[in-house]
Amino acid sequence: MNILVINCGSSSLKYQLIDSESENVLAKGLAERIGIDGSRLTHTPAGRDKVVIEQPMPDHKEAVRLVIEALVDAEHGVIASLEEIGAVGHRVVHGGEKFNKAVKIDASVIRDIEELSSLAPLHNPANLIGIRACEDNMPGVPQVAVFDTAFHQTMPKKAYMYGLPYEYYEKYKVRRYGFHGTSHDFVSARAAEVLGKKREDLKIIVCHLGNGASISAVKNGVCVDTSMGLTPLEGLIMGTRSGDLDPAILSFICEKENLSPVQMNDVLNKKSGVYGLSDYVSSDFRDLSAAAESGNECAKMALETYCYRVAKYIGSYTMAMQGVDVIAFTAGIGENSGDVKTGVCEYLKFMGVEVIPEKVNERGKEQIISTPDSKVTVMVVPTDEELSIARQTLELL
Ligand code: AMP
């Protein structure tokens, strides 16, 4: 069965068509600037050149229609007709406390995702638009919602509660939820598989280091702690997001700079992280590493601060799990940046972690990067959230 995986943003829509038997990606693409001037669809059939279709997309319904048109196109299509799409799997960002696993979408699931929008106002409404656009274009094709938060629902209360008045939890469900759950689940499962062990027998720390970054502690197959919180702003320093802060900084800066809470939120999400910390050199680690190498002190400091924060989280999750067997790096930075992995693993030497420098510096390859004698196995496991969504969609049907 072919499964269409959709990741819908407010003005964009990413897709992959995956053959669930071979797990091959038949085609993938991105619709951009939906509802804005200059909208375009970039469609890449597997093994062939990408095509760019510049056409107005006033809304997501039109974007999905164009995606289907591209998939069945005589020239750059990969299927003969819409009937060859057996199901659609949607990435949905916030499942709150309601969803601890993927679900088949019906009217009540849509209502629940809508209700959870107050917890993810930028994401859940966009995800819903994608769901409705697919329903309109593919009536009768089963749709599944896969939640970014679901894998973390096994966290114990002591890990997800904040030191705030309990009434905020009761009234507004203010607690830590965690994100990137599909990736943490996929990578921890794959790490165990590569090692020929059962995930249930392992203590695994997954470092998902991409533009957004989070880290999780997976003990005996379930998540016991993770670094992102009520929103994806907490935890590690990210590309442009601040991560953990003294909460009193917010009112302090708002007063000094005369910022509204909304403007402050914008600073924390878009102008902070290694981008802000490096005095706006870049949010991209390739640029940061190059700048640091050519002597930029701010870029160097941003990289050092980034690695230190990751290492501190590894330390605290080792304590939380009373040990660690495997540390797995994933996502753009985790898979590719030798500088970051080297910087983080320096701190782990005291616990007997020994890595092989040549392997640490190799890019994008699934492999063990620690020595056979290392007390903890350190690995790179490329993540594949789309494949995981396709698998979960198939499993439900
Ligand atoms: P992701 O969000 O997982 O797609 O990760 C994107 C980030 O990965 C980029 O912003 C870069 O900082 C980082 N990245 C990608 N390729 C490399 C590379 N070759 N070396 C260092 N960092 C990289």
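Per-residue packing, averaged as other Cβ atoms within 10 Å, sorts the ranges 274-283, 70-79, 289-298 into the order 274-283, 70-79, 289-298, beginning with the highest. Would you mind classifying region 51-141 by shape? Square roots of the alpha carbon gyration tensor eigenvalues, ordered a ≥ b ≥ c; an a/c under 1.5 is rounded, otherwise it is prolate if a/b is larger than b/c and oblate if not. The shape class here is prolate. Normalising by residue count, region 99-151 has a Cα convex hull of 69 Å³ per residue. What is the percent of Cα-Cα separations in region 165-307 that go past 28 Å? When every Cα pair of region 165-307 is considered, 32 percent fall beyond 28 Å. Classify region 91-198 as rounded, prolate or oblate, taking a ≥ b ≥ c as the square roots of the eigenvalues of its Cα gyration tensor: rounded when a/c is under 1.5, otherwise prolate if a/b is larger than b/c and oblate if not. Cα axes put region 91-198 in the oblate bin.
Here residue 158 is the anchor, and the lysines within straight C-alpha reach of less than 18 Å, apart from those fewer than 8 places off in the same chain, are 173, 219.
Report summary: the helix-based calculation at 222 nm, which adds -39500 (n - 2.57) for every DSSP H run with n ≥ 4 and divides by the residues of the chain, gives -11500 deg cm²/dmol.
Highest-first packing order for the peptide set 173-186, 23-36 is 173-186, 23-36, based on the mean count of other beta carbon atoms within 10 Å.
Among residues other than residue 293 with Cβ under 13 Å from its Cβ, the summed charge is -1 (Lys and Arg +1, Asp and Glu -1). With a cut-off of 15 Å between beta carbons, the residues surrounding residue 167 carry a summed charge of +2, where Lys and Arg count +1 and Asp and Glu -1. Of all lysines in the structure, the ones whose alpha carbon falls short of 23 Å from that of residue 50, not counting any fewer than 8 places away in one chain, are 14, 28, 61. Principal axis analysis of the Cα atoms in region 138-243 yields extents of 45, 43, 29 Å, listed in decreasing size.
Net charge near residue 29, counting Lys/Arg +1 and Asp/Glu -1 over other residues with Cβ under 11 Å of its Cβ? Around residue 29, the charge tally is +3. The value of relative contact order for region 48-179, using C-alpha pairs under 8 Å at least six residues apart, is 29 percent. For region 281-397, a/c is not less than 1.5, where a ≥ b ≥ c are the root eigenvalues of the C-alpha gyration tensor, and a/b does not top b/c. That puts it in the oblate class. Restricting the calculation to Cα atoms, the chain shows an Rg/Rh of 0.97 when the hydrodynamic-style radius is the Kirkwood one.
For region 216-295, the alpha carbon positions stretch 46, 37, 16 Å along the principal axes, listed from largest to smallest. Given +1 at the Cβ of Lys and Arg, -1 at the Cβ of Asp and Glu and no other charges, the dipole of the chain around its Cα centre is 960 debye to the nearest 20.
Computed from the coordinates by the stated procedures, all read-outs in this text should not be read as laboratory data. Not measured: the values here are computed from a predicted model. Positions of Cβ are generated from backbone atoms using ideal geometry, with glycine treated the same way; all protein chains shown enter the neighbour counts.
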